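Nothing in this text is a laboratory measurement; each read-out follows from the coordinates by a stated rule. Just so we're clear, the structure is a prediction, and the values are computed from it rather than from any experiment. Counting neighbours? That spans all protein chains shown, and the Cβs are built from the backbone with ideal geometry, glycine included.
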Amino acid sequence: MRAAVWEHFSFTKLSDVKGEYEANYKYSNNTHYKVNSSHVTNFDQRVFVRMFAEAIMYHSYPYSMVEHVKLREMLSYLNPKVRHVTRNTILRYCWLEHLRLKSILHETLSHLNSRGILTLTAHFINNNWSLKSHILNFRYFPSSHKGVEIYLFVVGLIKEWSLERKAFSITCDNVGAMDVMVARFKSDFLSFGTLPVTSRFIHVCCSAHILNLIVQSGMKVIDRSVLKLHESVNYIASSDARLCTFGKCVSDSKCNFVRKLRLDYPTR
């Protein structure tokens, strides 16, 4: 048996030696290969435009790329069935792809409410002396949330990015498990010589978490009122019909409010 592709070639024997042949493409002339559109199969214009939109989004290409003359010539050469599109069309496909990926992310996150997620964010100063922040990892944390397990998990992520000798300090929530993790982190990473000499500032406490604890403690005085307000917001926001009715009530009362109803989170 042989591959079906050889059906598009003719063969000329070159010498008396067994097995030496010259392969000639049946659909070409002396200078260029010309493929008849009848030989181009399994082409879908919508799939082509969608893949083009994905490439633009992935590589941050400009939308005007689809109107570049030489690119269009190349695509037509590769497949005569290609119908070229404008930048407005590719913009619409990019927006549809954005909505599709957004819905997938929303569906994924909706099933993670009761599962532990650990995020590692790197803060650094670039060559222009500008503070930058990038999320390096966003992963499900399956094991028990003890200090040693958290340490092993975080160190694994740091080593994955080869940052063992570049870590200077770490910021995390102020709970007992994190104190254990930071102690292990401190003892191991001091050997690399990248931490401060005194290592007093290796653990930078999360000021937002501290402020949240203070606010939560103070709000216990009005806890019942906050709970009722939370339930009311949850009831209205969980239905589009109720949300529209509420908006109409606000409009009829001539209240000059523009902010939307939002649910609060105890840890935020």
*Can you tell me how much longer the chain between Gln216 and Glu7 gets when fully stretched, taken as 0.36 nm per residue apart minus their C-alpha distance, in nm with one decimal?*
67.7 nm
_For the ranges 226-237, 45-56, what's the packing order if you count other beta-carbon atoms within 10 Å of each residue, average per peptide, and put the highest first?_
45-56, 226-237
*Ordering of 209-220, 87-98 by burial proxy (mean other Cβ atoms within 10 Å per residue, highest first)*: 87-98, 209-220
*Report, in whole Å, the centroid distance computed from the Cα atoms of the stretch 55-83 and the stretch 206-248.*
50 Å
*Once you have the Cα-Cα distance between Lys186 and Phe124, take 0.36 nm times their residue separation minus that, and quote the gain in nm to one decimal.*
20.4 nm
_Among 125-131, 146-152, 62-68, the order from most to least packed when residues are scored by Cβ within 10 Å on average_ = 146-152, 62-68, 125-131
*Using a Förster distance of 22 Å, how high is the FRET efficiency between Arg87 and Val47, based on the Cβ-Cβ distance and rounded to 0.05?*
0.70
*Give me the net charge of Lys81's neighbourhood, meaning all other residues with Cβ under 13 Å from the Cβ of Lys81; Lys, Arg count +1, Asp, Glu -1.*
+1
_Fully extended contour minus Cα-Cα distance, from Ser169 to His230, at 0.36 nm per residue_ = 18.3 nm
